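The values are calculated or read from the model by the stated rules, or taken from the named source; none is laboratory data. No experiment lies behind these values; they were computed from the predicted model shown. Positions of Cβ are backbone-derived with ideal geometry, glycine not excepted, and every protein chain shown enters the neighbour counts. Quick note on the areas: whole protein, heavy atoms, side chains included, nothing else; ligands and nucleic acids left out. Shrake-Rupley method; radii C 1.70, N 1.55, O 1.52, S 1.80 Å.
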Amino acid sequence: MKNLLTVIGLMVFSIMGTAQTSVSGTVLEKNTDIPLLGVSVLVKGTTIGTTTDFDGKYSIDNVSDGAVLEFSFLGFKTVEITMTGQTTIDLALEEDGEQLDEVVVTALNIQRDKESLGYSISQVTADQVNVARENNVMNSLSGKVSGLQITQSNTGVDGSSRVLLRGITTISGNNRPLVVVDGIPINNGSGGAGGGGGIDRGDALSDINPDDVASISVLKGAGAAAAYGSLGMNGVILITTKSGTKKKGVGIGLNSSFLFTDIALTPDFQNEYGSGAFGDFAPINADGRPVLDYPFSWSWGPKMEGQAYTNWLGRQDVYAPNPNRNPYNEFYQTGFTMSNTLSFEGRNDKGSFRLAITDEDGQGIVSNNTLSKQTFNMRGSSNLTDKLKIDGKMTYITSKVKNRPELAEGSGNTALQLSLMPRDIRLQDVANNTINVNGEEIKWNLDNTFNNPYWALENAGNVDEKDRFQGFISTNWDLNERFNITAKSGIDYIVYDFTSFGARGANAISNGLGSYNHQTGKSSIWNSDILGTYTTNISDFNVTLSLGANYRNEFSSALNVSGNDAKVDGFYQISNYKNSFSNENTTKKGIYSFYGLGQFNYGGYLYFDVTLRNDNSSALPKTNNSYWYHSENMSLLFSKLLGLNSRILSQGKLRGSFAKVGNDTSPYRTQAVYNVDQTVTLPYTVASISGSLPSFDLRPETSESWEIGTELGFLDNRILLDATYYQTNTTDQIMAVPISGTSGFDSKVVNAGEIQNKGIEAQLNLIPFDSESFTWNLGFNFTKSNSKVVSLNEGLQNIVLGTLWTASVEARPGQEFGTIYGNDFLRDNFGRKIIGNDGLAQRGERVALGNINPDWYGGFTNQIRFKNFTLSSLITAQVGGEYYSYGRGYRLFFGTDQRSLVGRETGIIEDGINEFTGFENDVPANAMLKQFTDIFANEVATDLILDATNVKLREVALTFDFPETMLRNTFIQSATLSAVGRNLLFLYNASGDIDPEATYSSGPASTAFEHSSLPSTRSYGLNLKINF
Amino acid sequence: MKNTQNNIRKIVVVALFGILFSSCEKHLENLYDNPNAVTTIDDSALFTKAVRSLFQGTTDQASARFAGQYAHYFVAGSTWRAPDQYGDGFDGDYNSMLKEGYSGTIRHIEEVLLITSTAGTQNNVRHAMADIIAVLGYAKMTDAFGDVPYNEGGKGKSENIIQPRYDSQQSIYTDLIARLASSIAVLKTANPELGYPGSDPIFDNNLDKWVRLANSVRLRLAMRLRYADPGLSQSTVVQCLSEPLMETPEHDAFMIETEGTGNAWFTRRTGFPSIKMSTFLIDQLQNTSDPRLSIFVSQDGSGQYSGITNGLTDQAFGNSNFANLSDMGLALSSPESKLFVMTAAETWLLRAEAALAYDNDPTAANSFFRNGIEASLNQWGVEAAEISDFMASPIATLSGNNDEEQIGVQLWLALTPNYFESWSHIRRTGFPVLPVRTDPGLHQGATNGIMPKRFNYPSFEQSSNATNLQEAISRQGANKIDTPIWWDKN
């Protein structure tokens, strides 16, 4: 018995001595108290451990006293707790403010620790895009991410934006980064008008609802993007939308914005001389009206001094300065944008859901230009079993934009009309005289490239409707702890319906017959992926291997009917037109891909990633349709390796990446075909051959890039520097090179040309002050990117990327991509202008006059929080780069521009030497003849090349966080109110009265040209967020 | 046993992957073909395209501004008027005129020539007809620019030549004449069934008319060489006279544009910028009581025939009351107006010139001259009484003093409104005599007030085909609008 007691005693003692207990508890996020899922709970030095479940709960058996429990979670500070017999350990993990372990979303939606990446990545949070809200979420990224250049065109509500990541790499491609929403690539097309006119139908990115965005990752180089294959060649913007989280309260959120939009910048007009030419009034026609043809419909008449004259309507009037100095301020109005999002979300251990509805309404500065857009978003996930999870999303977007404004040389461009209207004409008279008794438009000139702006407002317009569905279903199956399979299928499907019309009676519209156009179409991009991932440890290496396959199907079809010669006024349907035409078009493309990824981690300080991918595309010839690429990325945390963890150098990382990416092309470029012409009256068949010659032996194009970079943190990461140098060479580019017209054809599809793109980008973040009630954050980013044309197709001297009037933006071997060419003045060897006996300069050689690429660009963010107030601002800068303004040219030779006042009475003595005597020119030229001859007759572009350097106060937001004390007795959990402003003002603008961003399209070379753009706008208003 | 199982597993895995890959390949192949077009087509559909382009080219919007004003048929308003001032700052226009010439008629007729000479689809009759269209297409290009790519021109698809060599105008003309001779030889005895029954926009597959067209065009080309290569010119004329030529308006090669908004003259008369008829043309018609006045020219608002002077300065133009002047005549510019590329009237008048030049036979010349005028009046449906009145006037008979000029002026009138041929005609013969612009109210342009002699090669050609272009310029002379082309010796 005694022995027995002894044994029991010994046993108890031994149990007591090693004190084996079970521990359980809940892990929450500090401050929010949201349960954390997947926190690793490990007995330090052993492999015993577990992870937390959906409610943040965990339990571990048999933990001995004195053991150390390590709670770790990506992005949070690791907590170690020594066991002293506790059975319950609840704790709150604190976010790792030092961002040592910043978690980012990378290619294929894989969440990675930022320090493990061998390439440059930037992440933008929801607050940066949904407070000072933009209709097009891309615009909100402007100036916030190094390497990313956003140019917001000036084309009315819902206009498109030029988006470039690390500059230009291909001559004829759209150079836009791939945009991936929740793992599904979406349509990323650009939009815009041509120099000859047209409208900007917006781009596919403007449908991303800022209020549904959780975060945006910008993967800059090809190394980051190789996993997406050729589509990722220009970088990738990964957008993660919100999914359901567990919130305090009932989980209802409201985000409301109301912003006014008004005119920020207009051209400077003179207000001293009115209509006429050579200082005289126009002769009076037989109908009693002045001659309305050029040059008499310009503003080169006598000085306006209150004299009596016959005005443009043929009425006796007083010839006096315009009471309204600037017609823009009278014609354009203050617009607005209003958006409201209501969301419902929740989460439990079985899954999560989020439902959101957004309504957005807006009105532009042109009174009939409106936007109405609704977004319905459903996101849900469910844990079918412990190991099997499904996730899905459905987004439906329906939008209707009315009367997208006509741009550039388009007859309906109100800015063009207003800017050229003779200065004596009162806008009120124009508004009151739009149609004569015969139903014809009344104008102040005969030119059919112009409308009366008020006639156009009432009698021409368009309706652009779009329905878009985006959705995916994915499943994630953990076969065991090491092996995991995900499968995902998602689609971006767009249906659009666009009508435009113009009434009978305006010469500009089908010679007065009236016209109608109706386009309908649909497009889809469907991606399906399967990916298997295996994780293991081989000695000191942690290895993750993945194998995947993808199928991508692109489809689009369009049907277009148009008619002219209206039978009945004011009725816009195809049956109402005497002549009608139609055409249709279908394209399909398929790409199969197989890929493998490998990640190797040694010792937590050396990371090595490889990607290998094979694409097979239907757009390439059957014998050449398969192509390979690969990338290698390395990251070395030298501060960890060397054990440096001092306060001074708190983080040190070196990274490097190499990638080779292939690319296919658009479909049907490798096949010779005959088009059957649409004919109505002919008894025989007519067929035609396209002007673009196909290539039968097209190869995939290749882009090779490498980058090196570093991330350094000092003083506990209060100073963070991230810098990268990159270089990309794109060769064998697939493009339709223009060929001599004498070949019978316009272009031929070839593999040709090389572009070298290199640059530096840097980001510096500072936290000068950080305390409970006061914090101050500063951020700078800087990008310098150059794209040089190394070669073009053999024998080809240039490729014209775009033209406006006689200026062109070109690619020429040895030159920077996007060099602007135009006629210069005729000059002697010393660069002096050669002036004729008439005192006029002459046309010289066609030369390079500028380049679209900035020397550098960047942004400066400043955020100050004092207690519940936060003031943040963003200043963006572009230094260098040029553009050609035909708008200014027009205003100069039409005599409406402020600058046209020079030499009106005395003539202008050109700087230069007389062509015959060689002496300094002293013959004054008539100011009107000089402007007309230089700009129009001689097509000299030199004086119309403007410096695009500018510094802009891009964004300001003052936010008030309602303190909990104020909300205590309400059912409101949290609320913030912000006063916001966007594009508020230029702090510096080298080109004065023109906005260098005011382009009419969003293609890669679009920033080369400005043509009578709509006035630039700024927006300001309030944003309110409430969570219930 | 285990090995066998393993092998079976491997085979199954490999087979599954094989099936996956091959079905992928199959799927890609299904997506390869362009659904918007066809890969084979009967050459008749391309022949109609080439022929229609040829006729549409006679109203071509880009070149109308140039040659139409150079020929002193009309003056265009607004910015369209600039070429009338004899300037040369029109690089983009020169480029589009060069491109349009090659992309319309030439691109499609080259394909027809390829198809009709390829084994399996070979057809000598169609080939001969297509050659005639090709000759007209290339002749227009060389007449406009001088040396142009010919042997290698238009061969981007058929021979993959994207930087074609330029040929001298002399060699082009020699070959064009030879091609017409061989077409005539083939078509004279050809079986019409082998032609383009149902797909001939000009003559409804009447091969006799095709022979006359080919032979009359040959006469035009031969006379164009009159001053540059008199030997070839004369020997060719002799051959022309031994084969049937166009004799009545029944033989005329014309087309009525019924597609779209109709012919371009119609849209030009009714649209903007409008064109107004030239004072030079109106004066000629009015001073000679020519019944074609009311056909070529519309009355202005006050019932008068009021023209616009060619070459006005901007200030003078502003004072010209342009908007109220005479439009183009309805017969030329209505939806049902005919577009001509070759007529009996032109043929007779060329024969009149040839009779004077080569046969020294004023009697025959006068007879052909009168036939030409009568054919022209008939072509435009002038009433019989008016025809006999005009034929009785001294204008319709060669005076013996200035016969060359009389013929030249009537040719110019007979070509109306085919400005391109008319411009070439004036360049070659110097008739009608255009006044040199010395008046201060007139613009002297880049040519000292003399009608431009060619279009400039565009800078795009320099960019895309430099070596060959330089060779042509060094052969032909400076790339300027007053550099005469080879056959232009006046």
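Observations, loosely collected:
- Scanning segment A:786-801 for residues that are on the phi > 0 side of the Ramachandran plot and either away from every other protein chain (no Cβ under 12 Å) or outside any loop (DSSP other than H, G, I, E, B) (or both) turns up nothing.
- Enumeration of residues in segment A:160-171 that are in contact with a Lys or Arg (Cβ under 8 Å, 6 or more places away or on another chain) and either of a type in the set (Val, Ile, Thr) or open to solvent by 10 Å² or more (accessible area, probe 1.4 Å) (or both): A:VAL163, A:ARG166
- In segment A:748-774, the residues that are of a type in the set (S, T, N, Q), open to solvent by 20 Å² or more (accessible area, probe 1.4 Å) and in contact (Cβ under 8 Å) with a residue 12 or more places away in the chain: A:ASN751, A:GLN756, A:GLN763, A:ASN765, A:SER773
- When every residue of segment B:260-282 is checked against the conditions, none turns out to be out of contact with any Asp or Glu (no Cβ under 6 Å at 6 or more places or on another chain), within 14 Å of chain A (Cβ to nearest Cβ) and modelled with pLDDT of 95 or more.
- The number of residues in segment B:296-329 that are within 12 Å of chain A (Cβ to nearest Cβ) and acidic (Asp, Glu) comes to 2.
- Subset of segment A:854-897 (residues that are within 22 Å of A:THR414 (Cβ to Cβ), touching a Ser or Thr at 6+ places or on another chain (Cβ under 7 Å) and in a strand (DSSP E or B)): A:TYR883
- 2 or more residues on the phi > 0 side of the Ramachandran plot and not hydrophobic (A, V, I, L, M, F, W, C): qualifying helices (runs of 4 or more DSSP H) within segment B:230-305: none
- Number of the condition not met by B:ALA222 [criteria: (1) crowded, with 22+ Cβ neighbours inside 10 Å; (2) not assigned by TED's automatic domain parsing to the domain that holds B:ALA139]: (2)
Residue by residue, here is whether (1) part of a strand (DSSP E or B); (2) surrounded by 18 or more Cβ atoms within 10 Å (Cβ to Cβ) holds:
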position: A:ASP429; (1), (2): no, no
position: A:PHE450; (1), (2): no, yes
position: A:ASP492; (1), (2): yes, yes
position: A:ARG504; (1), (2): no, yes
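- Meets criteria (over 26 Å from B:ALA50 (Cβ atoms), away from every other protein chain (no Cβ under 14 Å) and of a type in the set (Val, Ile, Thr)) for B:VAL211: no
- Strands (runs of 3 or more DSSP E) wholly inside segment A:306-373 containing at least 2 residues that are open to solvent by 10 Å² or more (accessible area, probe 1.4 Å) and of a type in the set (S, T, N, Q): A:307-310, A:335-348, A:351-363
- From A:GLU704, A:GLU711, residue being more than 30 Å from B:ASN465 (Cα to Cα) and open to solvent by 30 Å² or more (accessible area, probe 1.4 Å): A:GLU704
- So A:TRP300, is it more than 10 Å from chain B (Cβ to nearest Cβ), touching a helix residue (DSSP H, G or I) at 6+ places or on another chain (Cβ under 7 Å) and surrounded by 18 or more Cβ atoms within 10 Å (Cβ to Cβ): yes
- Among the conditions (1) surrounded by fewer than 21 Cβ atoms within 10 Å (Cβ to Cβ); (2) assigned to a strand (DSSP E or B), the only one that A:TYR726 does not satisfy is (1).
- In summary, A:PHE278 fulfils each of the numbered conditions (1) more than 14 Å from chain B (Cβ to nearest Cβ); (2) closer than 30 Å to A:ASN926 by Cα with the single exception of condition (1).
- Some residue of segment B:244-260 being charged (D, E, K, R), farther than 24 Å from B:LEU377 by Cβ and open to solvent by 40 Å² or more (accessible area, probe 1.4 Å): no
- Pairing each residue of segment B:209-223 that is in contact (Cβ under 8 Å) with a residue 60 or more places away in the chain with any residue that is of a type in the set (Asp, Glu), provided the two are 6+ apart or on different chains, yields C-beta distances under 8 Å for B:SER216/B:GLU346; B:ARG220/B:GLU346; B:ARG220/B:GLU421; B:MET223/B:GLU353.
- Whichever residue in segment B:133-170 is open to solvent by 50 Å² or more (accessible area, probe 1.4 Å) and away from every other protein chain (no Cβ under 11 Å) and, among such residues, is farthest from A:GLN797 (Cα to Cα): B:GLN170
Residue by residue, here is whether (1) in contact (Cβ under 8 Å) with a residue 12 or more places away in the chain; (2) more than 8 Å from every other protein chain (Cβ to nearest Cβ); (3) closer than 28 Å to B:SER333 by Cβ holds:
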| site | (1), (2), (3) |
| --- | --- |
| B:LEU28 | no, no, no |
| B:VAL38 | no, no, no |
| B:PHE55 | yes, yes, yes |
| B:GLN61 | yes, yes, yes |
| B:GLY68 | yes, yes, yes |
| B:GLY87 | yes, no, yes |
| B:LYS99 | no, no, yes |
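- Selection of segment A:802-834 for residues being assigned to a loop (DSSP other than H, G, I, E, B), touching a strand residue (DSSP E or B) at 6+ places or on another chain (Cβ under 8 Å) and open to solvent by less than 50 Å² (accessible area, probe 1.4 Å) yields A:THR806, A:PHE817, A:GLY818, A:ASP828.
- Strands (runs of 3 or more DSSP E) (entirely within segment A:600-719) containing at least 3 residues that are in contact with a Gly (Cβ under 8 Å, 6 or more places away or on another chain) and more than 11 Å from chain B (Cβ to nearest Cβ): A:606-617, A:626-636, A:649-663, A:701-714
- Scanning segment B:233-251 for residues that are within 20 Å of B:TYR173 (Cα to Cα) and acidic (Asp, Glu) gives a single hit, B:GLU243.
- If you check B:TYR94, B:TYR73, B:TYR32 for being within 12 Å of chain A (Cβ to nearest Cβ) and surrounded by 23 or more Cβ atoms within 10 Å (Cβ to Cβ), only one passes: B:TYR94.
- Options A:GLY836, A:GLY831, A:GLY850, A:GLY822: the member that is small (Gly, Ala, Ser), away from chain B (no Cβ under 14 Å) and touching a residue at least 40 places away in the same chain (Cβ under 8 Å): A:GLY850
- Residues being aliphatic (A, V, I, L, M) and closer than 30 Å to A:ALA672 by Cα are entirely absent from segment A:603-615.
- Flag if B:PHE390 is of a type in the set (Phe, Trp, Tyr) and within 14 Å of chain A (Cβ to nearest Cβ): no
- Residue check, A:PRO924 under 30 Å from A:ILE252 (Cβ atoms), open to solvent by 30 Å² or more (accessible area, probe 1.4 Å), touching a residue at least 40 places away in the same chain (Cβ under 8 Å) and not basic (Lys, Arg): no
- Scan of segment B:44-69 for residues that are among the aromatic types (Phe, Trp, Tyr) and either touching a Cys at 6+ places or on another chain (Cβ under 8 Å) or surrounded by fewer than 24 Cβ atoms within 10 Å (Cβ to Cβ) (or both), ordered by number: B:PHE55
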